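Scroll down for the structure; my scribbles are underneath it.
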Amino acid sequence: MLATDPGASIAGIATAAGVDRRTVYRRFASREDLLAAIYESRLTAIEHAISDARLREAPVTVALHRYVENIITVNRTWPVDLTRMLADDAVRARRDASVDEVDAFLRRATDEGLLRSDVPDGWASALLPQLTHLVSRQL
């Protein structure tokens, strides 16, 4: 629900979940606490997706396939944007660590010839998340 309506109220979220809003408030003291829990879950899922893909050890094509499948699953399971939470230093550090891991993998993919080396720096790093989000939402 928050993916389509980031401003959704606790009452609206509770209704969509089929529970009373008091049930939500028993678990989360505020809307911000609920959002923090959702973002925490998404970050953890991203970290697991990267770890499971074995970006440093698996053959590049195998790792890329695993990563894309895993991230599409994360995007479909947790379809919320982390942008709102990036002001939090801990969230930003975790997100940056994940980005760095994928960037290192993409450099390896380029070095091994899977990706073209004659494109601008950062091209694959900018394109891959956009493609996985697009596939997650439209296919």
Alpha-carbon centroid distance for the pair region 37-69 / region 71-118, whole angstrom: 9 Å
Histogram of C-alpha separations across the chain, 5 Å bin width, %: 2, 9, 17, 19, 18, 13, 9, 6, 4, 2, 1, 0
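What's the extension gain from Ala97 to Val68 if we count 0.36 nm per residue and subtract their Cα-Cα distance?
On the way: separation 29, 0.36 × 29 = 10.44 nm, distance 1.76 nm.
Gain on stretching Ala97 to Val68: 8.7 nm.
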Dipole of the chain, positive direction: furthest Cα of Ser51, Val19, Ser125, with charges on the beta-carbon: Val19
Region 1-75, dipole about Cα centre (Lys/Arg Cβ +1, Asp/Glu Cβ -1), debye to the nearest 20: 180 debye
Cα-based helix-to-principal-axis angle, 123-138 vs the chain, degrees rounded to 10: 50 degrees
Within a Gaussian network of the chain (alpha carbon springs, distance under 10 Å), most fluctuating of Arg76, Arg108, Arg21: Arg21
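For Ala11 and Thr61 in the same chain, what is the full-extension length gain: residue separation times 0.36 nm, less their Cα-Cα distance, in nm?
Values: separation 50, 0.36 × 50 = 18.00 nm, distance 4.52 nm.
Length gained between Ala11 and Thr61: 13.5 nm.
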Å² per residue, accessible surface of the chain at 1.4 Å: 63 Å²
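The values are calculated or read from the model by the stated rules, or taken from the named source; none is laboratory data. Quantities reported herein were computed from a predicted structural model and do not represent experimental measurements. Backbone-built Cβ (ideal geometry, glycine too); neighbour counts: all protein chains shown. In case anyone asks, the SASA skips ligands and DNA or RNA and just uses the protein heavy atoms, side chains included. Shrake-Rupley method; radii C 1.70, N 1.55, O 1.52, S 1.80 Å.
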